[in-house]
Every structure is written in structure tokens, then in C-alpha cells.
Amino acid sequence: KRAEQERYAAEVQLQLAYIVLARGRQALGVICGASGALDATTVPQVKLYPDLGQAEGGVAGRQDVKAAVGRSRLAEAIWNDSWSDWMPVLAGTFQGYVQSNAVAPTPPSGWVAQLVLSFPLFEGGLRPAQSKERGALAREAEEALQGVLRQARSEVRVSFEVMRFAYAGYDAARRGAVSATATLELAGMAYRAGATSNLDVIDAERRARDAATTAVIAEDAVRQANLDLLSAAGRFP
């Protein structure tokens, strides 16, 4: 009866794990823009980035960094073009006309073209103030860009450390699962030899199952750490 209870308990855990797996596959498919669920079937063995410097080198590809760079460059360009406010404005107009009662010497139909050159002599300091405002906006956009870069590099460093610890935990969990499997084999041999009871075998099976589950959870943590690092480095999705 105890073995049967252990079996049903393990079955419940397995079905719950399938539920989480199905949700994870669907979420990965949505993130990647796929029409269905996606899955990662390769066991993680090799790190995505061998060193932190290489990981930080990809932050320029992040969408938020690109947007901040674009805003900074646009504000800088607008500020640099402030000299155009001091240039005269040349406007051209063209108009055709038709009149029923012509008045000499104006013909009954024709057209009129006009060029108007204007230059403001006094505007109360508007143009210098606008130039200063654009300069302030350009410096603000540059500071915002530096803030985004610092935040992105910080996320990369955190993700890199998390990945390093996740790999260490995964390696320890695999070793623990191998050790638990060996212990289960020894318990089975001892039971068949009559040295122990079936309770010892059941306990060894439970420990081996728990160790295997821990290894799978650690493997999932490695995948999640790799995904977070890819996202922080601008390579996902």
C-alpha cells in the first residue's frame, strides 16, 4: 500500500509538471512570434557567453537602447540646426485668375507669381531661448541614453551571475541524481539478498525520484537563466 501511495503521489506531481510545461511552451511560442508552441529539447551543456565582456557587448542591439540612441541623435540634430532660425525665409506664391469684366490694362485672364523674402528683426529673444531649450533637451536625451545603457549592462551582469550559479546548481543536481540512482540499485540488491525490507527500497526510490526532479528543475533554471541573459544582451526575441 505504501508503494501504491508513492506511485499515485508521483503521478500527481507528473501531471502538474505537464501543465507547467504546456504553459511554458505556449508562452515561448508567443514570445518568439510562432504560430504554435515551442520547446527547447537540447540539454544545456555549453554557456552562451564565455565571459562577461562578450555578454555586455550585445546591449547595443536591445530595442530600448536603440530607441534611446535614436532620441538622443534626433535631439542633437535639432539643436545643431538651430542656426536655421536666423536665416531669412523666402516664400513663393502662384495664383491664376479669370474676370468677366476686364479693367484695362489688366487682361481678362492670367496668373500672378510672387516671391516674399522676410526676416524677423525683433522677436523678444525667442530664437536664443529656443536654442537653449533644444540644447537642454539634447543633454537630457543623452543622459537618458546613458541611464538606459547603465541599466542594460546591469541586467547583463546580473543575468550572467545568475547563469553561472544556475550551471553550478545544475551540475550538483545531476551528480546528486546519479548518486541517488546508485543508492537505489544498492538498496535493490540488499533487498533481494534479504538484508533489508521493502520499505528501504521504497525510500530509496522516493529519494531517487526527488533527486531526478531536482535535476530537472535545475535544468529548467539553467534554461531560464540563458533566456534572461539572451534578453538582457539584446538577442531575444
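The values are calculated or read from the model by the stated rules, or taken from the named source; none is laboratory data. Computed from a predicted model, the values in this text were never measured in an experiment. Every residue, glycine as well, gets a Cβ built from its backbone with ideal geometry; the counts of neighbours run over all protein chains shown. Side chains are part of the model used for accessible areas, which takes the heavy atoms of the whole protein and leaves out ligands, DNA and RNA. Shrake-Rupley method; radii C 1.70, N 1.55, O 1.52, S 1.80 Å.
Explain nothing, just the number: relative contact order of the chain, from Cα pairs under 8 Å at least 6 residues apart, as a whole percent. It would help to have the intermediate numbers written out before the result.
Details: 200 pairs, mean separation 60.2, N = 237.
So the answer I get is 25 percent.
If you count only protein heavy atoms with a 1.4 Å probe, what accessible area per residue comes out for the chain, rounded to a whole Å²?
Dividing the accessible area of the chain by its residue count gives 69 Å².
Can you give the charge dipole size of the chain about its Cα centre, rounded to the nearest 20 debye, using +1 on the beta carbon of Lys and Arg and -1 on the beta carbon of Asp and Glu? All intermediate terms of the calculation are to be shown ahead of the outcome.
Numbers: 26 positive and 26 negative charges, 52 e Å.
Around 240 debye, computed over the chain.
How much net charge surrounds ALA60 when only other residues with a Cβ under 13 Å from its Cβ are counted (Lys, Arg +1; Asp, Glu -1)?
Working: positive: ARG62, LYS66, ARG153, ARG235; negative: GLU56, ASP64.
Surrounding charge for ALA60 is +2.
Could you check the simple spin-label distance between SER84 and GLU140, using points 7 Å along Cα→Cβ, in nm with one decimal?
That separation, rounded to one decimal, is 2.2 nm.
Summarise the accessible area of the stretch 57-106 (1.4 Å probe, protein heavy atoms) by the percent that is carbon and sulfur. Write out the running numbers ahead of the final one.
Working: 2300 of 3740 Å².
With neighbouring chains kept in place, the figure for the stretch 57-106 is 62 percent.
Select from the stretch 176-237 those trypsin sites (Lys or Arg not before Pro) which occupy a DSSP coil region and have at most 16 other Cβ atoms within 10 Å, ordered by residue number.
Numbers: sites: ARG192, ARG206, ARG207, ARG209, ARG223, ARG235; in loops: ARG235.
For trypsin sites (Lys or Arg not before Pro) across the stretch 176-237 that sit outside H, G, I, E and B with at most 16 neighbouring Cβ atoms in 10 Å, the list reads ARG235.
Work out how much length THR106 to ALA91 would gain on full extension: take 0.36 nm times their residue separation and subtract the Cα-Cα distance, in nm to one decimal. Don't jump to the answer; show the numbers that get you there.
On the way: separation 15, 0.36 × 15 = 5.40 nm, distance 2.47 nm.
Contour length minus Cα-Cα distance gives 2.9 nm.
Which chymotrypsin sites (Phe, Trp or Tyr not before Pro) from the stretch 120-176 combine a DSSP loop assignment with at most 15 other Cβ atoms within 10 Å?
In loop regions of the stretch 120-176 (DSSP not H, G, I, E or B), the sparsely surrounded chymotrypsin sites (Phe, Trp or Tyr not before Pro) are PHE122.
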